[in-house]
Structures are given as C-alpha cells and as structure tokens.
Amino acid sequence: MRQSRYVWLLGISLFCLISIIALKTPQTVISTMADPQYGNSTRTTVQHFWKLMDLRQTDLARDLLKLPEGSLDESEFKAWETRLNKNPMLSLQKVEFMTSDLGISQGVVVRVFWTSPDQGVQHVTFSNDLIQTEKGWRIQRIKRINDL
C-alpha cells in the first residue's frame, strides 16, 4: 500500500508537468523557470521591474528595458536610479495597475506607491509601453504622468 502512494504522487506530478507543457510551449516553460521575468504578461514584467528597482538591483532592472540611447525615457530611468540610490529609506509599498486589460495590451499604466520615514507615502503614475522580444517582454517607453 505504501508504494501505491508513491505511484499516485508520481502520476499526479507527471500529469501536472504534462498539463503545463501542453498549455505552453516548452521554450516558454523552460525560459520562465530559468528567468522569472520572462512571463507572457506585460503586467508581470512591469511588476518585476519595480521590484528590482526597490531592491536597488538597477543593473537587472536595466536588462528589462529596451530604451533608445539618450532618450527622455533613459533619463527618466537614470533619475529614478539616482533617487533610489540617494535615499536608502525609500521603499516600494505597492504597484497598482490602472489598466484592466489583464496583461494583453502592450501599454500599461501603473501607479507606484513609495514610502519613506521622513516623507510618508508618495505615489507616481507611469505610462509604460512594452515590446515582445525573444527574451520576453521588454519596456520600450517609461513616461512619468505626474510628479511626486
């Protein structure tokens, strides 16, 4: 009877694995397991980008960007990089998606809430345009809609 449990567990595990692969291409499944921000959702990419910014891993966050050199979008990213590095107490509270397209569209509007002991809660709204690449979704435009 004991070995029957292991057979059932193995069978259920194989069923789940086959279901995942049947619903998604093997390349997508393997890429997502190896590289978490390779999701097939624009929302996942934007949320992961801000999480990396909060962790001050700006080099990894920069990998999620596909911005033209010297553009206003690149200067916006550098300004946030500088702001986060200057104020270590500034931390991400939440990322609120203003669009309700469930990650299907290539344009995403988000409101990012930051908290700081000396300034309280601040929110900034961004408009992001994303593009599908062979490495997953990449942010090709990041535009601040309102100021702190």
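Any read-out appearing in this document is the output of simple, stated calculations on the displayed coordinates, not a laboratory observation. These numbers were taken from a predicted model, which means no experiment stands behind them.
What are the ³J(HN,Hα) values, in whole Hz, obtained from phi via the Karplus relation 6.51 cos²θ - 1.76 cosθ + 1.60 with θ = phi - 60°, for each residue of segment 51-67 in sequence order, with x given for Gly and Pro?
Rounded to whole hertz, the list is 5, 5, 5, 5, 7, 6, 9, 5, 5, 6, 5, 5, 5, 7, 9, 9, 9.
Given H placed 1.01 Å from N in the peptide plane, which residues other than close sequence neighbours of Gln106 have an amide H under 5 Å from its amide H?
Answer set, sorted by chain and number: none.
Work out from phi, with θ = phi - 60° and the Karplus expression 6.51 cos²θ - 1.76 cosθ + 1.60, the ³J(HN,Hα) of each residue of segment 41-49, listed in order in whole Hz, and give x for Gly and Pro.
3J(HN,Hα) across segment 41-49, in whole Hz: 9, 5, 5, 4, 5, 5, 5, 5, 4.
Which cross-chain or sequence-distant (5 or more) residues have an amide H under 5 Å from the amide H of Gln140, H modelled 1.01 Å from N in plane?
Lys66, Asp129, Leu130, Ile131
Applying the Karplus parametrisation 6.51 cos²θ - 1.76 cosθ + 1.60 with θ = phi - 60° to the phi angles of segment 109-122, what ³J(HN,Hα) value in whole Hz is obtained for each residue in order, glycine and proline being reported as x?
10, 10, 10, 9, 9, 10, 10, 8, x, 8, 10, x, 8, 10
Please report the spacing between the Cα centers of segment 49-74 and segment 81-99 in Å, no decimals.
Cα centroid to Cα centroid, the span is 13 Å.
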